[in-house]
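Chemist: This is the structure I have questions about; it appears just below.
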Amino acid sequence: MPLTRNVVVDRDAVLDLVDQLRVAIPEEVRAAKRINSEGERIIEKADEEATRIISRAQEQAAFLIGERGLLELAEEEGRRIIGEAQEAGDEVRAGADEYALQILGTLESEVARALAGIQKGMTVLDDRRAELAEGEAAATDDEAYEDDDPGEPLDEEDEDARHPAYR
């Protein structure tokens, strides 16, 4: 077989590697989408809770103003409740961000592991290609030596070719 850029590889091994990649990578993508959706859900929940708390604070402020006529007290209480709601929302967002970072870190590790598997597979294929090329080169050298007839007188070039130093 002449030396070319083409390589003969074990088709079943390559197809098995491709199948493994088809299974691993989509699962990682689905996991990332789930994590993203979970983070968005947590943030939406925090925003809804903050809105509910602010609404309740406004209702309480209106009640205090109507019942007691103490506008200043109502505003102060409203600001306090709004501040608490904002703090609670910030805590929920911070927790959601921390959770998302943990999950993304795990996903990063899994993707790195999958990449290492891909690189290992490529190395195996490159090694097989090199072994095949070496085997073809050795076979070509052996065929060249088999063509020489030992009973035939050697000319000067043939003597040099059979000398161990020239092999």
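The values are calculated or read from the model by the stated rules, or taken from the named source; none is laboratory data. What you see is a predicted model, and the numbers here were worked out from it, not measured in a lab. Don't worry about glycine lacking a Cβ; one is built from the backbone with ideal geometry, like all the others, and counts go over all protein chains shown.
Chemist: Can we say Gly117 is assigned to a helix (DSSP H, G or I), closer than 29 Å to Val23 by Cβ and touching a residue at least 12 places away in the same chain (Cβ under 8 Å)?
Modeler: Working: assigned to a helix (DSSP H, G or I): yes; closer than 29 Å to Val23 by Cβ: yes; touching a residue at least 12 places away in the same chain (Cβ under 8 Å): yes.
Against the criterion (assigned to a helix (DSSP H, G or I), closer than 29 Å to Val23 by Cβ and touching a residue at least 12 places away in the same chain (Cβ under 8 Å)), Gly117 qualifies.
Chemist: Would you mention how many residues in the range 30-86 are more than 30 Å from Leu107 (Cβ to Cβ), of a type in the set (Asp, Glu) and at pLDDT 85 or above? Full working, then the answer.
Modeler: Initial filter on the range 30-86 (more than 30 Å from Leu107 (Cβ to Cβ)): 51-86.
Retained after the next criterion (residues that are of a type in the set (Asp, Glu)): 59, 67, 72, 75-77, 84.
Remaining after also requiring at pLDDT 85 or above: 59, 76-77, 84.
Here the count works out to 4.
Chemist: Related question: Which condition from (1) surrounded by 12 or more Cβ atoms within 10 Å (Cβ to Cβ); (2) modelled with pLDDT under 75; (3) in a helix (DSSP H, G or I) is the one that Asp142 breaks?
Modeler: Result: Asp142 fails condition (1) only.
Chemist: Out of the range 5-15, which residues are surrounded by 10 or more Cβ atoms within 10 Å (Cβ to Cβ), out of contact with any helix residue (DSSP H, G or I) (no Cβ under 9 Å at 6 or more places or on another chain) and either touching a residue at least 24 places away in the same chain (Cβ under 8 Å) or under 17 Å from Asp127 (Cβ atoms) (or both)?
Modeler: From the range 5-15, those surrounded by 10 or more Cβ atoms within 10 Å (Cβ to Cβ) are 7-10, 13-15; that's our starting set.
Applying the additional criterion that residues be out of contact with any helix residue (DSSP H, G or I) (no Cβ under 9 Å at 6 or more places or on another chain) yields 15.
Matches in the range 5-15: none.
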